[in-house]
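Student: Dropping a structure here in structure tokens format, bear with me for questions.
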Amino acid sequence: MSASQAKPVRVALLGCGTVGGEVARLLTEQAGELAARAGAPVELAGIAVRRPDKHPELPPELLTSDAAALIDSDVDVVVELVGGIEPTRTWLLSALAQGKSVVTANKALLAEHSAELFVAADASGADLYFEASVAGAIPLLRPLRESLAGDRITRVMGIVNGTTNYILSAMDSTGAGYAETLDEASRLGYAEADPTADVDGYDAASKAAILASLAFHSRVTIADVHREGIGAVGASDIRAAQVLGRTVKLLAICERVTSDDGSESVSARVHPVMIPRSHQLAGVNGAFNAVYVEADAAGELMFYGQGAGGSPTASAVLGDLVAVARNKVGNGHGPRESAHAALPVRPMGQTPTRYHISLDVADRPGVLAQVAQAFAAHGVSIAAVRQRDKHSTASLVVVTHLAADAALQSTVDDIARLDAVHEVVSVMRVEGED
Ligand code: NDP
Ligand code: HSE
């Protein structure tokens with residue numbers, strides 16, 4: 001029997017905005033190709049949106065505002081591209097309970113509720129795929145879940161939010177302002193419905209939770225991820241970085257940390273970072289994403305591509321949809337949750353980081369010694385110091401060795417209180433330097 005004669009796999013599409021609109025278009029335009037690859041026609045059975053009257057571009061007979069009823073109808077797969085926690089959580093749990101497989105790009109939901117979604121999928125034998133939830137078009141979750149399932153991953157680090165990378169790239173290259181660049185990112189379809197999810201780091205933190213869970217076979221939720229957005233990154237930070245041949249990026253960093261007693265834990269964090277301009281992540285601009293994965297046997301891998309936008313994200317959704325359809329045609333199923341390692345999460349204060357601190361200090365004898373004493377008092381070792389004289393003041397830049405983040409924070413607090421320190425110009429964590 002040819003693919004076109006096989007029983008169709010019927011798809012309920014929830015949401016037809018930036019991403020869903022592209023998925024609907026590609027499902028229609030590439031129906032023949034998708035059928036050949038899936039082994040059966042992949043048929044759009046209905047589309048749920050909030051305001052059907054605002055979608056003259058879609059076939060009216062497919063449109064509904066009742067997503068729950070569409071899920072309960074004669075469909076095999078639910079593709080969720082609405083976003084948010086509720087009612088999507090309830091919808092997807094209902095779909096999975098009915099044995100209907102789910103494809104979703106909803107990182108916010110997965111970062112909080114993946115455990116119960118996986119349990120529901122396991123119970124009914126349905127599939128749960130979510131490649132589009134992290135890094136848009138980039139095939140990253142499948143390599144972590146499948147290709148690297150036999151290796152021991154030690155680190156996943158990268159740029160996973162297109163909106164903030166778009167803003168930071170513009171601040172660095174053209175000096176453009178924060179607000180105007182955010183408006184442009186929203187217009188281009190990169191930003192979340194509420195863009196504070198992007199700029200305050202929640203979106204990247206959700207993605208870090210998903211990446212850490214898969215990489216370290218543990219359950220990591222957004223509540224476990226230390227999160228700082230780009231709101232505090234100002235022109236002075238960008239300038240301080242430029243003077244030193246560095247640039248500022250918002251990174252998600254997930255690490256397997258081994259303590260002195262040999263016990264392991266997971267550290268997951270999102271915050272702005274200064275990296276050398278020669279670093280590969282420094283050249284990742286606009287809405288592009290890039291993620292490094294380090295594993296014991298594989299060594300270092302890098303994944304790069306478009307991290308946001310309708311069409312790139314639709315590519316990842318359709319890839320999942322074809323996988324789900326193939327599983328259905330072949331009576332198989334996709335990978336299950338693998339949380340067997342159950343590693344604990346290490347608090348940010350105990351996580352080893354490095355700081356770059358830029359100060360304006362009084363230019364007189366003994367000041368450098370006072371600053372150095374503050375580092376020593378917290379057991380923080382200095383890697384490099386540079387001083388540039390101004391008129392009556394001096395500009396001091398200190399880069400530390402690795403130390404517990406809490407010790408570094410306390411050091412900065414103490415330095416800020418010194419009489420000789422006129423201003424703490426910039427404090428930022430550093431990556432990519434030895
Ligand atoms: P949009 O805001 O563009 O689209 C949301 C869609 O959901 C709209 O069609 C809207 O209907 C519909 N909708 C909202 N509420 C309901 C409801 N109660 N019932 C039925 N339909 C509803 O979002 P995006 O396409 O940008 O994002 C969708 C998902 O994909 C989110 O989870 C997002 O995080 C994720 N994502 C987005 C990326 C991007 O670059 N945009 C990249 C990767 C993931 P209506 O059209 O009538 O308003
Ligand atoms: N708002 C997200 C971003 C969309 O800017 O990266 C892709 O997940």
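Student: Among what's in the range 364-394 and is part of a helix (DSSP H, G or I) and in contact with a helix residue (DSSP H, G or I) (Cβ under 8 Å, 6 or more places away or on another chain), pick the residue that is surrounded by the fewest Cβ atoms within 10 Å (Cβ to Cβ).
Tutor: Among them, the one singled out is ALA377.
Student: Right, another one. Run GLU180 past the list (1) of a type outside the set (Ser, Thr, Tyr); (2) more than 10 Å from ligand 2 (Cβ to nearest atom); (3) in contact with a Lys or Arg (Cβ under 9 Å, 6 or more places away or on another chain) and report the number of the one that doesn't hold.
Tutor: (3)
Student: Does the range 91-114 hold any residues that are within 8 Å of ligand 1 (Cβ to nearest atom) and either of a type in the set (Lys, Arg) or assigned to a loop (DSSP other than H, G, I, E, B) (or both), and which are they? Before you say what the answer is, go through the steps one by one.
Tutor: Initially, the range 91-114 is screened for residues within 8 Å of ligand 1 (Cβ to nearest atom), giving 104-109.
Across the range 91-114, the qualifying residues are ALA105, ASN106, LYS107.
Student: Checking the condition closer than 14 Å to LEU321 by Cα, at pLDDT 95 or above and surrounded by 13 or more Cβ atoms within 10 Å (Cβ to Cβ), which residue from PRO52, PRO8 passes?
Tutor: Details: PRO52 fails: closer than 14 Å to LEU321 by Cα.
Only one candidate passes the filter, namely PRO8.
Student: Right, another one. Sort through VAL291, VAL284 and tell me the only one that's modelled with pLDDT of 95 or more and more than 18 Å from VAL199 (Cα to Cα).
Tutor: Answer to the check: VAL291.
Student: Further question: Just to be sure I understand, how many residues within the range 115-147 are part of a helix (DSSP H, G or I) and within 16 Å of ligand 2 (Cβ to nearest atom)?
Tutor: Here the count works out to 4.
Student: With ALA179, ALA212, ALA191 as the choices, which residue is part of a helix (DSSP H, G or I), over 24 Å from VAL266 (Cα atoms) and outside the structural domain of ASN106 (by TED's automatic domain parsing)?
Tutor: ALA179
Student: Considering only residues of the range 70-87 that are within 14 Å of ligand 1 (Cβ to nearest atom) and part of a loop (DSSP other than H, G, I, E, B), which is nearest to LEU321 (Cα to Cα)?
Tutor: Per the stated criteria, the residue is LEU81.
Table: residues versus (1) outside any helix (DSSP H, G or I); (2) modelled with pLDDT under 95; (3) farther than 25 Å from SER2 by Cα; (4) of a type outside the set (Asp, Glu).
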site: ALA35; (1), (2), (3), (4): no, no, no, yes
site: ALA45; (1), (2), (3), (4): yes, no, no, yes
site: ALA68; (1), (2), (3), (4): no, no, yes, yes
site: ARG89; (1), (2), (3), (4): no, no, yes, yes
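Student: Moving on. Residue check: is VAL103 touching an Asp or Glu at 6+ places or on another chain (Cβ under 6 Å), at pLDDT 95 or above and of a type in the set (A, V, I, L, M)?
Tutor: So VAL103 fits the description; yes.
Student: Name, by its number, the condition in (1) surrounded by fewer than 18 Cβ atoms within 10 Å (Cβ to Cβ); (2) among the polar types (S, T, N, Q); (3) in contact with a Ser or Thr (Cβ under 8 Å, 6 or more places away or on another chain); (4) farther than 25 Å from GLU255 by Cα that does not hold for SER358.
Tutor: For SER358, the exception is condition (1).
Student: Quick one: count up the residues across the range 186-237 that are more than 16 Å from ligand 1 (Cβ to nearest atom), crowded, with 18+ Cβ neighbours inside 10 Å and either of a type in the set (Phe, Trp, Tyr) or at pLDDT below 95 (or both).
Tutor: Counting residues in the range 186-237 that are more than 16 Å from ligand 1 (Cβ to nearest atom), crowded, with 18+ Cβ neighbours inside 10 Å and either of a type in the set (Phe, Trp, Tyr) or at pLDDT below 95 (or both) gives 3.
Student: Which one of these is at negative phi, in a helix (DSSP H, G or I) and touching a Lys or Arg at 6+ places or on another chain (Cβ under 7 Å): SER169, SER206, SER186?
Tutor: Values: SER169 fails: touching a Lys or Arg at 6+ places or on another chain (Cβ under 7 Å); SER186 fails: touching a Lys or Arg at 6+ places or on another chain (Cβ under 7 Å).
Unique residue meeting the criteria: SER206.
Student: Among the numbered criteria (1) more than 15 Å from ligand 2 (Cβ to nearest atom); (2) in a loop (DSSP other than H, G, I, E, B); (3) surrounded by fewer than 22 Cβ atoms within 10 Å (Cβ to Cβ), which one does GLY286 miss?
Tutor: (1)
Student: Out of the residues in the range 374-407 that are touching a residue at least 24 places away in the same chain (Cβ under 8 Å) and hydroxyl-bearing (Ser, Thr, Tyr), state the one that is nearest to ALA362 (Cα to Cα).
Tutor: THR393
Student: Then there's this: Among the candidates ALA212, ALA193, ALA268, which residue alone is within 16 Å of ligand 2 (Cβ to nearest atom) and farther than 21 Å from VAL284 by Cα?
Tutor: Among ALA212, ALA193, ALA268, only ALA193 is within 16 Å of ligand 2 (Cβ to nearest atom) and farther than 21 Å from VAL284 by Cα.
The values are calculated or read from the model by the stated rules, or taken from the named source; none is laboratory data. Just so it is clear, the structure is predicted and the values come from calculations on it, not from any experiment. Quick reminder, even Gly has a Cβ in these numbers, built from the backbone with ideal geometry, and neighbours come from all protein chains shown.
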